[in-house]
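What follows is a single structure, written as structure tokens, with notes after it.
The values are calculated or read from the model by the stated rules, or taken from the named source; none is laboratory data. Computed from a predicted structure; not experimentally measured. Glycine gets a Cβ as well: all are built from the backbone with ideal geometry, and neighbour counts include every protein chain shown. To get the accessible areas, we keep the full protein, side chains included, count just its heavy atoms, and leave off ligands, DNA and RNA. Shrake-Rupley method; radii C 1.70, N 1.55, O 1.52, S 1.80 Å.
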Amino acid sequence: MSAILEVHDLTKDYRLRGGLRRPVLRAVDQVSFTLTEGRTLALVGESGSGKSTIARILARLEKPTAGRVVLRAPDGTQVPGRFYRDYVQMVFQDPFASLNPFHTIAHHIARPLRLHGRARDRAQTALLVDQLLERVSLAEPALARRRPHELSGGQRQRVAIARALAPGARVVVADEPVSMLDVSIRLDVLKLLARLQREENLAVLYITHDLATARHFSDEILVLYRGRVVERGPADEVILAPRHPYTKLLAAASPDPLARGRAEQIGAEDEIDAASAATAYDHYTGRWTGLQAG
Ligand SMILES: Nc1ncnc2c1ncn2[C@@H]1O[C@H](COP(=O)(O)OP(=O)(O)OP(=O)(O)O)[C@@H](O)[C@H]1O
Ligand SMILES: [Mg+2]
């Protein structure tokens with residue numbers, strides 16, 4: 001197992017409009033983590049905690065205010081910036097918004113194949129498009145010629161996943177990939193992501209509100225609160241034995257009965273603020289870190 005994507009002390013400030021003092025919102029505050037081949041890291045936290053900001057920075061849609069993102073090839077050397085998009089691909093929340101209504105499904109998959117130099121000619125492109133659609137279980141012959149609105153939401157998200165794989169991605173960042181889908185098909189799409197991850201040995205960042213799926217589909221969990229990591233560790237431990245008052249609160253609100261049952265002590269909001277201002281619990285070291293510990 002080797003590290004693929006290292007995120008070091010990522011910080012993002014948004015300058016808010018108005019006023020002479022130009023107030024700044026710190027959306028992400030010194031967040032560090034590593035994505036590893038064949039493993040899924042879940043990023044959980046309430047709305048506004050900075051999850052999508054991290055995703056956008058990893059997708060290079062935004063620049064961080066401070067911190068570094070280092071991408072490594074299998075031999076450990078740093079991958080040059082111009083190849084970043086070959087390695088790191090996104091799956092967004094809304095498959096409808098991320099697909100172009102004027103283009104066919106085949107076009108959506110063929111484009112990254114050509115852009116990233118994975119197909120030499122038309123015949124090879126067509127073959128790879130078919131293979132990719134088959135890998136996301138969309139093997140119906142006529143489907144490739146349809147347009148996004150002629151597909152169901154679940155099918156559209158499968159297309160978005162195939163498109164992410166087309167450049168030969170090693171890292172997939174999935175920002176709430178199933179939250180816009182009908183409840184009945186969410187699990188199927190998550191299972192598909194999990195299968196592809198195993199088959200391709202991908203590193204996956206799974207961003208979600210949902211602790212139950214975070215636990216079932218990831219190896220590790222990172223809990224964000226107001227832009228800061230407040231707890232991290234193996235998925236089962238974080239969910240079943242949360243230590244930070246904020247994680248306890250999240251677990252208590254989770255529909256997963258097992259997670260809920262174990263979160264006996266729920267912190268009050270001021271307790272959460274006091275704790276998160278100063279500390280984070282790391283299940284790997286068994287330590288609280290941060291201002292209080294230091
Ligand atoms: N372009 C921007 N300008 C100013 N503030 C922003 C901008 N983008 C995000 N923010 C703020 O940064 C914070 C983090 O937003 P972000 O979208 O990362 O949250 P999130 O955890 O993804 O939330 P959700 O679960 O609702 O998707 C929020 O307070 C948000 O209002
Ligand atoms: Mg978001």
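Of the residues making up region 19-47, those that are open to solvent by 60 Å² or more (accessible area, probe 1.4 Å), farther than 20 Å from LEU202 by Cα and in contact (Cβ under 8 Å) with a residue 12 or more places away in the chain are LEU25, ARG26, GLN30, GLU46, SER47. Which residues, taken from region 25-54, are among the basic types (Lys, Arg) and within 11 Å of ligand 2 (Cβ to nearest atom)? Passing the criteria: only LYS51. Scanning region 244-294 for residues that are modelled with pLDDT of 90 or more and either assigned to a loop (DSSP other than H, G, I, E, B) or among the aliphatic types (A, V, I, L, M) (or both) gives HIS244, ALA280, HIS283, TYR284, THR285, GLY286. Identify, please: which residue in region 61-75 is in contact with a strand residue (DSSP E or B) (Cβ under 8 Å, 6 or more places away or on another chain) and open to solvent by 30 Å² or more (accessible area, probe 1.4 Å) and is, among those, nearest to ARG170 (Cα to Cα)? By that ranking, first place goes to ARG72.
Where strands (runs of 3 or more DSSP E) fall entirely within region 10-82, those with at least 3 residues that are closer than 19 Å to ALA280 by Cα and within 17 Å of the chain's Cα centre (by Cα) are at 24-36, 40-44. Is there a residue in region 169-185 that is closer than 16 Å to HIS108 by Cβ and either without any contact (Cβ under 8 Å) to a residue 40 or more places away in the chain or more than 16 Å from ligand 1 (Cβ to nearest atom) (or both)? Yes. For the structure I just gave you, tell me whether VAL189 is in the same structural domain as LEU71 (by TED's automatic domain parsing) and modelled with pLDDT of 95 or more. In short, no.
Checking the structure you have, find out if any residue of region 105-112 is open to solvent by less than 10 Å² (accessible area, probe 1.4 Å), within 16 Å of ligand 1 (Cβ to nearest atom) and assigned to a helix (DSSP H, G or I). There is no residue in region 105-112 that is open to solvent by less than 10 Å² (accessible area, probe 1.4 Å), within 16 Å of ligand 1 (Cβ to nearest atom) and assigned to a helix (DSSP H, G or I).
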